[in-house]
Every structure is written in structure tokens, then in C-alpha cells.
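Right, one structure below, let's go through it.
The values are calculated or read from the model by the stated rules, or taken from the named source; none is laboratory data. Computed from a predicted model, the values in this text were never measured in an experiment. We place every Cβ from the backbone using ideal geometry, glycine too, and count neighbours over all the protein chains shown.
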Ligand code: C2E
Ligand code: MG
Ligand code: MG
Ligand code: MG
């Protein structure tokens, strides 16, 4: 009886697992097919200087429409695209979209950088830095106008090849920011050696200011950035109080729903012109 029961439990467990795997595979297949049919979108979220309150950049964010105006969260499909390797192709497409967006800004005389998220499998492809550089050349976008965002997991992975790629990107003039900073396991001594441009303070250290969080970690990251000669940008700023605290800390830039949500290209162009136009 007992054996029978544990067998039942096992059956239940495997079918649950199988279901999950089938669901994942189905989603990956759908993602691949929608990508090939050009159904993916790139939206952009503006980034602002805390000194001037001007738009200084925007972050490219993937959007996967699932019909009737709804979207599947990147939090769900980006990890699937990573594990299936599909992120390499999709990521290249996002970079090309970002280059075209940067050109649209430039044509209107708007000086706005575009930041692009890069996953570990992309960063590890051979000649990654060269691929990025030749993409920028293809679209005639200055290397200073595209920034790459990598997470701490990229930086901690096979550190010597990562350093080579980062060095090469720097030689080309392409800046690299560490995304979600403070949530991974960056070794602080490596941080000092890596050619980086910005630390993006994770939303986790912003969202509870001032209620249950004094902002001590955010402040620590800002001063770490200052000491290392890196700019700091806070993610997920939703309230005026948070903005003011970050200003007091000397944080350079912010991104968050308070000032602008991610938006499609058309909306972004109107937003940017209203903000920066005379
Ligand atoms: P991320 O790079 O850290 O992007 C910031 C995320 O925070 C975005 O979520 C953005 O919509 C959200 N956010 C911004 N301001 C606020 C705020 O004030 N409050 C709240 N609650 N959220 C805010 P999103 O667009 O859902 O993207 C999630 C993650 O998916 C990104 O995190 C990034 O890791 C990944 N991702 C998105 N697009 C790409 C891409 O093109 N390539 C790769 N490799 N990853 C991507
Ligand atoms: Mg990012
Ligand atoms: Mg982030
Ligand atoms: Mg993230």
C-alpha cells in the first residue's frame, strides 16, 4: 500500500514536471515563430538626469504581444529565450532596433543614448564586441550613443574572457553598465578592474524608500560608484520622495514610472520632443 502510494506521488510529480516542460517548449516554439514573423516589439523607457531633469537616454525593452492588447512579461519569456539560445538572434535584432531608434533621435537633433540589455549567452558568443561594433557601423551610429546593460552574472562568468570582451568594447567606445546592481554577487575587487561606465541600482533598493527602507544600500552604491568613477542610475523610481532622496545622495540619473513608463516608438518620439524640444 505504501509503495503504491509513493508511486502515485511520483506519477503526480512527473506529470507535473512533464506538463511544465511541455508548456515551456510550447512557449519557446511560439516565441520563435512570432519572432520570425516580426511580431516582437521593442519599447523604450526614458532615463533622466537628476541634475537637469532632462532625458539623457532610454532603455530598449522587449515586448511580446499575445493578442488583444496583452503582453507576455519579459520576466517569463526572456529566461526561456536564454535557455533555448534564441536570445542570441533576438538580442541582435533588439540591438539593430536600438540603432535605428538612436538615428531617429539624431535626425531630430535629440542627443539621447539607447541602452540595450545583453544576456550571458550573447556576451559569450565569439567576437561579440566586433559584432556589436559592426552593427553600429552598419547603421552609422556613434559608439558613444549605444550602451550595453549586463547583469552581475555576466561579469562573474569566466572572468578573463569577459574582461577581454569588456576591454574590446571599451576600445570601440561602447559603454557597459551593470544592471540590477546589488542583487548578484559581484566581487568588489573585480568591479574595480572592469572597464564599466555605470551602475544601475536595482529597484529592490529603491521601492521601499522611505517606508521600510532608509535608502542606506542605495546610498552605499552611489558612493561606491563615486569612488570608482562610475555613474549611478536608480531603477524603479516611483515616487517624488524617492527622487528627492536620490538627489540628496548624489545619484546621477533615474529611470522609473514616476517620470516615464516604457512606451512604443511613436509615443517615445512625441514624449522626447515635448521634453527636449523648445
Ligand atoms: P531590466 O533590464 O532590469 O529592466 C527594467 C525593468 O523594470 C523593466 O521591466 C521595466 O519595465 C521595469 N520598471 C521600470 N521602471 C519601473 C518602476 O518604476 N516600477 C516597476 N515596478 N518596474 C519598473 P520589463 O520591461 O518587464 O523587463 C524585465 C526584464 O526583462 C529586464 O529587466 C531585462 O532583464 C529583461 N529584458 C527586457 N528586454 C530585454 C532584451 O531586449 N534583452 C534581454 N537580454 N533582456 C531583456
Ligand atoms: Mg536593463
Ligand atoms: Mg534592471
Ligand atoms: Mg532585471
Looking at residue 183, is it within 15 Å of ligand 4 (Cβ to nearest atom) and surrounded by fewer than 17 Cβ atoms within 10 Å (Cβ to Cβ)? yes
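Is it true that some residue in segment 212-223 is touching a residue at least 60 places away in the same chain (Cβ under 8 Å) and surrounded by 22 or more Cβ atoms within 10 Å (Cβ to Cβ)? Please lay out each step first, then the result.
Here is the first cut: in segment 212-223, the residues touching a residue at least 60 places away in the same chain (Cβ under 8 Å) are none.
There is no residue in segment 212-223 that is touching a residue at least 60 places away in the same chain (Cβ under 8 Å) and surrounded by 22 or more Cβ atoms within 10 Å (Cβ to Cβ).
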Being surrounded by 15 or more Cβ atoms within 10 Å (Cβ to Cβ), within 14 Å of ligand 1 (Cβ to nearest atom), modelled with pLDDT of 95 or more and under 20 Å from residue 178 (Cα atoms) narrows it down to one residue among 230, 246, 258; which is it? 246
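Out of all the residues in segment 90-98, is one or more within 16 Å of ligand 2 (Cβ to nearest atom), part of a helix (DSSP H, G or I) and at pLDDT below 95? Full working, then the answer.
Pass one, segment 90-98, residues within 16 Å of ligand 2 (Cβ to nearest atom): 90-91, 94-95, 97-98.
After this cut, where a residue has to be part of a helix (DSSP H, G or I) as well, the list is 90-91, 94-95, 97-98.
From what is left, the residues that are at pLDDT below 95 are none.
No.
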Residues of segment 231-269 being assigned to a helix (DSSP H, G or I) and either in contact (Cβ under 8 Å) with a residue 60 or more places away in the chain or touching a strand residue (DSSP E or B) at 6+ places or on another chain (Cβ under 9 Å) (or both), which ones? 242, 243, 246, 247, 249, 265, 267, 268, 269
Restricting attention to segment 100-116, does a residue exist that is within 20 Å of residue 267 (Cβ to Cβ), part of a strand (DSSP E or B), within 16 Å of ligand 4 (Cβ to nearest atom) and touching a strand residue (DSSP E or B) at 6+ places or on another chain (Cβ under 9 Å)? yes
If you check residue 31 against the conditions, is it in contact with a strand residue (DSSP E or B) (Cβ under 8 Å, 6 or more places away or on another chain), within 30 Å of residue 111 (Cα to Cα) and either part of a helix (DSSP H, G or I) or modelled with pLDDT of 95 or more (or both)? no
Under 7 Å between Cβ atoms, which residue pairs at least 6 apart in sequence (or on different chains) link something in segment 71-97 that is without any contact (Cβ under 8 Å) to a residue 60 or more places away in the chain and within 16 Å of residue 130 (Cα to Cα) with a partner that is within 16 Å of ligand 4 (Cβ to nearest atom) and not in a helix (DSSP H, G or I)? 91/118; 91/119; 95/116
Which members of segment 192-207 meet the condition of being under 16 Å from residue 117 (Cβ atoms) and near ligand 1 (Cβ under 8 Å from one of its atoms)? 200, 202, 203
